[in-house]
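The values are calculated or read from the model by the stated rules, or taken from the named source; none is laboratory data. Only a predicted model underlies this, so the values are computations on that prediction, with no experimental measurement involved. As a convention, Cβ positions derive from the backbone with ideal geometry for all residues, glycine included, and neighbour counts pool all protein chains shown.
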Amino acid sequence: MNKTEVISTLEKIITPSQIRNINIFGNEIVIDLNIDNPSLHAKKKLEKSIISSFKKNHKIIVNFNVIKKNIDYKDNKNKLEGIDNVIAISSGKGGVGKSTITSNLAISLSKMGFRVGILDSDIYGPSIPTMFDVESLRPTSVKIDNRSMIKPIESYGIKILSIGFFTEPNQAVIWRGPMASKALNQMIFETNWGEIDFLLVDLPPGTGDIHLSIVQSIPLNGAIVVSTPQKVALSDAKRGISMFNQKNIDVPVLGLIENMAYFVPEDMPEKKYFIFGKDGVKNLADDCDVPFLGLVPLYKSIREASDFGHPASLQDKSVISKSFEKIAKNVVSSVLERNSHLPPTKIVKITTMAGCTAIKKK
Ligand SMILES: Nc1ncnc2c1ncn2[C@@H]1O[C@H](COP(=O)(O)OP(=O)(O)O)[C@@H](O)[C@H]1O
Ligand SMILES: [Mg+2]
């Protein structure tokens, strides 16, 4: 083979700019490549497909040179000190259990040994303070390097900030997008979060302007979409997925969670009533080619625990804790998978939202 033939074979797999050098010594071809994904898995996969694209009688040696993607990450605003992963928990429809999932997922992640924070940005109904029994508390401030920073409230080992801490209880807050994102910017960038592995952001329901402002102001690693399996909730969830997939938003969807998958009566725990339909969210995940992270049944005790300010998953070894633990493990895998394939997140810069685009694989 000559160099041109080697290049045209390679170009079926990689872009020309990735080819650094080619040396041909008879049947031995040494290929030097640039790649931006340093994971061993990615290198092996690429090496395998390159080797198999040449005839068997050639000895192919592939050398990788990992290059860092040119990411606009110097901007201080984009950098979240100490926070490794920011995950938005969203839903198209309200009342499907976004906050319930956020709080129980936070507890399960924390039980796995991760340091977890929650940023409750639901301007329509911030319910995280109630779910963590810290409604009456208000965050204080600390001086860090002569700068005044907000100190999050801590409950059950989870660091919490909620838009609810900055408004009067029961006050109907009419926030506009820019106001909400300004408040959120403070809650995220002017807060002494310390070291956090996962910051879960409980978003307001919907895909409107306010929602977009919020998504724009936070550097998200990805989003989780929560839905019940019923038709109206699913179509809203689908809109949510489309929003994150918009080219100029481009927040990877880490997966879907099916809440209230079925009802389990307390006196007949072996029974399952599929009140909202069966497998709706799982099927949506398959259709949209996004991971299905798991399901949570409808239990009276989940609702009671939330209202009581003591999330159900705090109880060890219960059926409920187990469903959340399973979800937490899947979330971690999905985040790791995302982080190994995509560059660090940055704040998206968009101003308007076009019509919903087709749902594509991330
Ligand atoms: N799996 C569940 N089982 C029982 N009650 C639930 C479950 N998920 C949510 N709830 C209850 O449903 C209501 C709405 O849930 P919430 O998490 O506040 O929804 P959202 O944040 O999406 O508006 C709450 O009263 C909550 O306790
Ligand atoms: Mg909520």
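Here are the numbers:
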{"item": "Subset of segment 285-296 (residues that are at pLDDT 95 or above and more than 17 Å from the chain's Cα centre (by Cα))", "result": "Val296"}
{"item": "Conditions (1) more than 17 Å from the chain's Cα centre (by Cα); (2) within 16 Å of ligand 2 (Cβ to nearest atom); (3) more than 19 Å from Lys238 (Cα to Cα); (4) of a type outside the set (Val, Ile, Thr); number of the one not met by Trp193", "result": "(2)"}
{"item": "Residue in segment 243-251 that is surrounded by fewer than 18 Cβ atoms within 10 Å (Cβ to Cβ) and within 13 Å of ligand 1 (Cβ to nearest atom) present", "result": "no"}
{"item": "Residue within segment 130-146 that is modelled with pLDDT under 90, within 11 Å of ligand 2 (Cβ to nearest atom), closer than 30 Å to Ser242 by Cβ and crowded, with 23+ Cβ neighbours inside 10 Å present", "result": "no"}
{"item": "Residues within segment 105-124 that are closer than 9 Å to Leu200 by Cβ, out of contact with any Pro (no Cβ under 7 Å at 6 or more places or on another chain) and more than 16 Å from ligand 1 (Cβ to nearest atom), tallied", "result": "2"}
{"item": "Single residue of segment 222-242 satisfying the filter (polar (S, T, N, Q) and surrounded by 24 or more Cβ atoms within 10 Å (Cβ to Cβ)) that is farthest from the chain's Cα centre (by Cα)", "result": "Thr228"}
{"item": "Residues satisfying the stated conditions in segment 84-104, i.e. among the hydrophobic types (A, V, I, L, M, F, W, C), under 19 Å from Ile163 (Cβ atoms) and within 8 Å of ligand 1 (Cβ to nearest atom)", "result": "Ile101"}
{"item": "Filter result (of a type in the set (Val, Ile, Thr) and out of contact with any Asp or Glu (no Cβ under 8 Å at 6 or more places or on another chain)) within segment 272-317", "result": "Ile275, Val290, Ile302"}
{"item": "Every residue from segment 242-263 that is hydrophobic (A, V, I, L, M, F, W, C) and modelled with pLDDT of 90 or more", "result": "Val253, Leu254, Leu256, Ile257, Met260, Ala261, Phe263"}
{"item": "Those residues of segment 212-228 which are touching a residue at least 60 places away in the same chain (Cβ under 8 Å) and either farther than 16 Å from Ser334 by Cβ or outside the structural domain of Leu298 (by TED's automatic domain parsing) (or both), in sequence order", "result": "Leu212, Ile214, Val215, Gln216, Ser217, Ile218, Pro219, Ser227, Thr228"}
{"item": "Segment 264-305 - residue that is free of Cβ contacts under 8 Å to residues at least 60 places away in the same chain, among the hydrophobic types (A, V, I, L, M, F, W, C) and in contact with a helix residue (DSSP H, G or I) (Cβ under 9 Å, 6 or more places away or on another chain) and, of those, surrounded by the most Cβ atoms within 10 Å (Cβ to Cβ)", "result": "Val281"}
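Per-residue answers, yes or no, for (1) of a type in the set (Gly, Ala, Ser); (2) within 16 Å of ligand 2 (Cβ to nearest atom); (3) assigned by TED's automatic domain parsing to the domain that holds Ser99:
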residue: Lys272; (1), (2), (3): no, no, yes
residue: Val281; (1), (2), (3): no, no, yes
residue: Leu284; (1), (2), (3): no, no, yes
residue: Pro291; (1), (2), (3): no, no, yes
residue: Tyr299; (1), (2), (3): no, no, yes
residue: Asp307; (1), (2), (3): no, yes, yes
residue: Leu314; (1), (2), (3): no, no, yes
residue: Ser318; (1), (2), (3): yes, no, yes
residue: Lys322; (1), (2), (3): no, no, yes
